[in-house]
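Student: Mind looking over this structure? Questions follow.
The values are calculated or read from the model by the stated rules, or taken from the named source; none is laboratory data. Because the structure is a prediction, the values reported are computed rather than measured. In this analysis, Cβ positions are derived from the backbone assuming ideal geometry, glycine residues included, and neighbour counts consider all displayed protein chains.
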Amino acid sequence: MKEKLLALLLALIMVLSAVPALADFPAAVFPTDYTGKTVILHSNDVHGALDGYAYIPALRDWFTAHGAADVLTVDAGDFSQGTIYVSTNKGAAAIDMMNAAGYDIVTLGNHEFDFGYDQLMENLSKAEFLPICANVILDETGESILDEAVVCSLYSDEIPEDQVTDEDIYLKVGFVGLETPETATKVNPGLISNIHFTTFDDLYTYAQETINAVKEAGADLVIGVFHLGVDNESAANGYRSIDVYNKVTGLDFIIDGHSHTVMTAYENGEPIQSTGTKFANIGVIVIDNETKTIENHFLVDTKGLEKDPEVAAKAQEIIDAVDAEYGATFATSEVVLNGEKAPGNRTEETNLGDLITDAMVWSVVKEGGIEQVEPNHVIGITNGGGIRAAVNVGDVSMKDINTVLPFGNTVAVIYVTGEELLEVLEASTFCTPDSIGGYPQTSGITWTLDTTKAFDQGEVYTLDGKESSYFKPASIQRVTIEKINGEDFDPAATYAVVTNNFCAAGGDTYNAFARAYNEGSGFDTGIPMDEAVMAFIKDVLEGKITEEAYGAPRGTETQIK
């Protein structure tokens, strides 16, 4: 284990600013006297909802005006991806907005790595807040890529910083950052080949060592800022926030992200709070400075909250510029194309998954170059977790399609055997009916998934010698393939799978694709997925997504429940 020293932030002095009127809010909801209190505001999984950042300074000013000695602002990750307003600038706009909103401490989410390690570090070089994360390790040095934690020493802002003594400090709050190890396969592995994520028991070891160091530095309270979540998908590996909480000692509270959960506590009252996503809520933690204890915590529904006008204007400036470039209509839709997570693209076949995979296959077939197999052996698969939004009835713009497919992935081709195809489908549905990002949306495959049967968990998948978050099926128990493009499935045959470069590199549960791809059995077309879909809609569907074509899933996947 590394022995890197913690970076200790000696002071965070909160400066009063003009206080906007928030009417009677939130007097009817929670107390209004915060004299002698430290308040922590927190967000998670903002996913490019830039206009929501304007809530933060307005709410911070409200608490300050009602007596709070200090107000700290924290985020638990996934701010760099999710809408066209951050994807088109590779996450840089999110950093700009967090600077404007006055964030203090931030941990990383898996989507911070979507544009690669180098891009992330370039973005963070412009941050006016402190990013922390204990368990993302640079291979070359064996050290964490960021400070693992921070201890905030709080004192009266009437005392000049260079005159502060230990007696002047009335509270020390330690924050420990953790990132989900699932990032190793939730991001294109080729973009993060120089780093690794601590896995399994090492995750708890790193967390405990960091907590211990923070307490040794004198922290009165230790708060985890975790991007782990509580999804069932993560339970098998022990990567949930509740798993860490149960495995370590010394944590007083967890600010959580990743699963988009709205909660003020976990199932048995464990102190884990999460706001959902996209500023549906803002989390609040109230610390009494005299007793040095957390005396209250809750969520604030942002409906009805006022926004800071300067931050709101900055967000609108970014939004307007992107809309001007990407907002032109190129098609219409008679139907809603399902963009939901669950039930939706991560749990079952959807009409949007059908359209996307049809478009991917078409984009490759029309260009040629896959003559290695017969045309009836060409199929399409994409991971449901890569489908991020719906397409609604009415006009369809480039912005709409880019919002559905914001990651910049390209269309790739992998040659696999029928047996490897079965492995992929089995591995990618191991927890269904619970949602999983790797859930296969398909074209050209008629298959059945029996969710009443148990997944036969085998050895952990590895990529380039690094452990994945997922397991190889020891046997095929849940999946059968009946037909490929209307013909009988042959486990011994070779099939050309049109997929995306994320899956081709072994992202999510697609380790079998990476094995084939790394052996030279495939290629990247370089065609961006969103461009493939737009071209398909324009050229094949003639600019109209009809009820007849995609009004409902085509029914080539059957689930036994």
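Student: Pick out the one residue from GLU548, GLU542, GLU519, GLU487 that is charged (D, E, K, R), loosely packed, with under 15 Cβ neighbours inside 10 Å and more than 27 Å from GLY368 (Cα to Cα). Don't jump to the end; show me each part of the working.
Tutor: On the way: GLU542 fails: more than 27 Å from GLY368 (Cα to Cα); GLU519 fails: more than 27 Å from GLY368 (Cα to Cα); GLU487 fails: more than 27 Å from GLY368 (Cα to Cα).
Selected residue: GLU548, the only one of GLU548, GLU542, GLU519, GLU487 that is charged (D, E, K, R), loosely packed, with under 15 Cβ neighbours inside 10 Å and more than 27 Å from GLY368 (Cα to Cα).
Student: Is at least one residue of segment 160-169 in the same structural domain as ILE294 (by TED's automatic domain parsing), surrounded by 15 or more Cβ atoms within 10 Å (Cβ to Cβ) and either in contact with a strand residue (DSSP E or B) (Cβ under 6 Å, 6 or more places away or on another chain) or closer than 26 Å to HIS42 by Cα (or both)? If you could, list the steps in order and put the result at the bottom.
Tutor: Applying the first criterion (in the same structural domain as ILE294 (by TED's automatic domain parsing)) to segment 160-169 yields 160-169.
Keeping just the survivors that are surrounded by 15 or more Cβ atoms within 10 Å (Cβ to Cβ) gives 164, 169.
Then drop every residue that is not either in contact with a strand residue (DSSP E or B) (Cβ under 6 Å, 6 or more places away or on another chain) or closer than 26 Å to HIS42 by Cα (or both), which leaves 169.
Within segment 160-169, one or more residues are in the same structural domain as ILE294 (by TED's automatic domain parsing), surrounded by 15 or more Cβ atoms within 10 Å (Cβ to Cβ) and either in contact with a strand residue (DSSP E or B) (Cβ under 6 Å, 6 or more places away or on another chain) or closer than 26 Å to HIS42 by Cα (or both).
Student: Also, I was wondering about something else. Being more than 17 Å from the chain's Cα centre (by Cα) and part of a strand (DSSP E or B) is the filter here; which residues of segment 99-141 pass it?
Tutor: Residues satisfying the conditions are ILE105, LEU130, ILE137, LEU138.
Student: Give the residue that is surrounded by the fewest Cβ atoms within 10 Å (Cβ to Cβ), with candidates limited to residues of segment 66-88 that are free of Cβ contacts under 8 Å to residues at least 60 places away in the same chain and farther than 17 Å from LYS278 by Cα.
Tutor: GLY67
Student: Which ranges mark the strands (runs of 3 or more DSSP E) fully within segment 475-561 that have 1 or more residues being acidic (Asp, Glu)? Full working, then the answer.
Tutor: Values: elements: 479-484, 494-500, 522-528, 557-560.
So the answer is 479-484, 522-528, 557-560.
Student: Kindly indicate which of THR261, THR275, THR293 is assigned by TED's automatic domain parsing to the domain that holds TYR155, among the polar types (S, T, N, Q) and surrounded by fewer than 16 Cβ atoms within 10 Å (Cβ to Cβ). Can you show your working first?
Tutor: Numbers: THR261 fails: surrounded by fewer than 16 Cβ atoms within 10 Å (Cβ to Cβ); THR275 fails: surrounded by fewer than 16 Cβ atoms within 10 Å (Cβ to Cβ).
Only one candidate passes the filter, namely THR293.
Student: What single numbered condition from (1) modelled with pLDDT of 95 or more; (2) in a loop (DSSP other than H, G, I, E, B); (3) of a type in the set (A, V, I, L, M, F, W, C) fails to hold for ILE159?
Tutor: Exception for ILE159: condition (1).
Student: When the residues of segment 33-53 are narrowed to those that are in a loop (DSSP other than H, G, I, E, B) and touching a helix residue (DSSP H, G or I) at 6+ places or on another chain (Cβ under 9 Å), which ends up farthest from THR83 (Cα to Cα)?
Tutor: Here is the first cut: in segment 33-53, the ones in a loop (DSSP other than H, G, I, E, B) are 33-36, 44-49.
Next, only the ones that are touching a helix residue (DSSP H, G or I) at 6+ places or on another chain (Cβ under 9 Å) stay: 34, 45-49.
On the way: TYR34: 36, ASP45: 12, VAL46: 10, HIS47: 6, GLY48: 5, ALA49: 7 Å.
Step by step, filter segment 33-53, then rank; the result is TYR34.
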